[in-house]
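These notes concern the structure reproduced below.
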Amino acid sequence: MDKRFANLFGLTEEESIALLDTPEDKLAEDDSRYVAAAQLASFATEQSIDALIRAIHNNDPSLNNRITRRKSVESLGKLQVNRALPAIRTCLADDDCYTVENAVWAIGEIGTEDLDILEEIAKLLEKPGQSYRVIIHTLRKFDYKPGLERIRKFLDDDDAPIASAANAAVYQFTGDDTYIEKVMGFLQDSNVYGRRLSIQDLVDVKYYKAIDRISQCPVSVVFRLRGIRLLGEAGIPVGAIAFSDIQPSLEAVIYDRPKTLKLVHEYDQIPTLEFAIKELYEVDFGRCYLATKTILESYADTAGQALMATYAAEACNDYGANYHVIKALGWIKYAPAYDLFIEALHNTQPQFQKSRAAAAIALGELGDNRAIGDLKVSLETKIWDLKYAALLSLARFGDNSGRDIAAKDTDWLIQAKANS
């Protein structure tokens, strides 16, 4: 479990348990049992587990208690507590669809060989208003083939994430490539969540042929890098693929040039520079990449100052736009942005992590030799994509000294790059 946010709420284990056990009518104004249930996911102790199970059995119908029960189920799933399964199972019959969703997810995290539980989950596909994607995903995870015909009903669902999960499951159960091709199609869906989650579905069924297509999917690099890395981790050790099979796609994503993506949006006419810059703040990164491509093709000679201005005004605090502005400034080789790149390279705030790799690539594009020392320092971090980006940019400078450091790295991808 990622421990960076282990004490996000500032509560000790004892304080969290006491708060979770407090009746709703005895809570102080600023107390939150929901927060206590979330905090206990960081404590894999018997007393924390018992407190979370007690919270599940609290059937007070108030909204605050309902969301606390949901979070308690989720925390037990994160802790992968096998003895909590009986309590979690009772939630499958809950009237609250979100509690049911969390229960299905938690069972998937904990694991079970109890076919009665799996059948109970499968029957939820026949119940209106449920979180069908999570249900289908869990049945596929346990390879529960008796659920196949019920899953088929969702193959053409209007909700892209549900349809993607259904097609992935049927592919796994039947081996029919027709269904995996449909999952691949969702990589270019107009629904950004459909695009993101289709990557997860392709990873789940270990479809290695999708690696290149995943690299071209217009979503955040976070989703593409994670997908390619997970497929590499699954396929390379068993000889299904080699590092050389994923390297071109992996590096295309780390460079992240808009021209290497299959964009799903388009403009009727070339927009103004002002409009394109505003698009860099969109939640759907597909729109951000279209805007970046437009800036590079139509405004490369004039966009520098405007990009610097938007960075100073807003993008410095917006983790999405922060990334795209840095990338755009790098692609147009805007020399006045050197100090901005160096600052971004060393920014340790977690929400700006992907901007660090973006800055490393931008420094390589800029070609200013002063950056070599800073790029070498980046090889000492624990962020693998930043280290990989630093190696790529150091190579642009003709400096291969970082390979010796990388060859001893604990991350298998960095080692593989050093030895390639």
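We did not get these values from a lab; they are worked out from the coordinates using the rules stated. Just so it is clear, the model here is predicted, and its values are computed rather than measured. Glycine gets a Cβ as well: all are built from the backbone with ideal geometry, and neighbour counts include every protein chain shown.
Each of the peptides 232-242, 275-285 was scored by the mean count of other Cβ atoms within 10 Å over its residues; in descending order, highest first, they stand as 275-285, 232-242.
Summary value for region 67-181: 19 percent relative contact order, contacts being C-alpha pairs under 8 angstrom separated by 6+ residues. Modelled spin-label separation between residue 62 and residue 143, with each label point placed 7 Å from Cα along the Cα-to-Cβ direction: 4.7 nm. Once the Cα atoms are used to define both axes, helix 285-298 deviates from the longest principal axis of the chain by about 10 degrees. With all projection directions averaged, the alpha carbon convex hull of region 7-157 covers 9.2 nm². Peptide packing: for 100-106, 408-414, 340-346, the average count of neighbouring Cβ atoms within 10 Å per residue gives the ranking 100-106, 340-346, 408-414, highest mean first.
Peptide packing for 112-125, 32-45 was compared via the average number of neighbouring C-beta atoms within 10 Å per residue; ordered from the highest value, the list is 32-45, 112-125. The value of relative contact order for the chain, using C-alpha pairs under 8 Å at least six residues apart, is 6 percent.
Between residue 383 and residue 351, the modelled label-to-label distance comes to 1.5 nm, taking each label 7 Å out from Cα in the direction of the beta carbon.
Mean residue ellipticity, 222 nm, helices only, the chain: the sum of -39500 (n - 2.57) across DSSP H runs of n ≥ 4, divided by residue count and rounded to 500, is -18000 deg cm²/dmol.
Near residue 37, once Lys and Arg are set to +1 and Asp and Glu to -1 for all other residues with Cβ below 10 Å from its Cβ, the sum equals +3.
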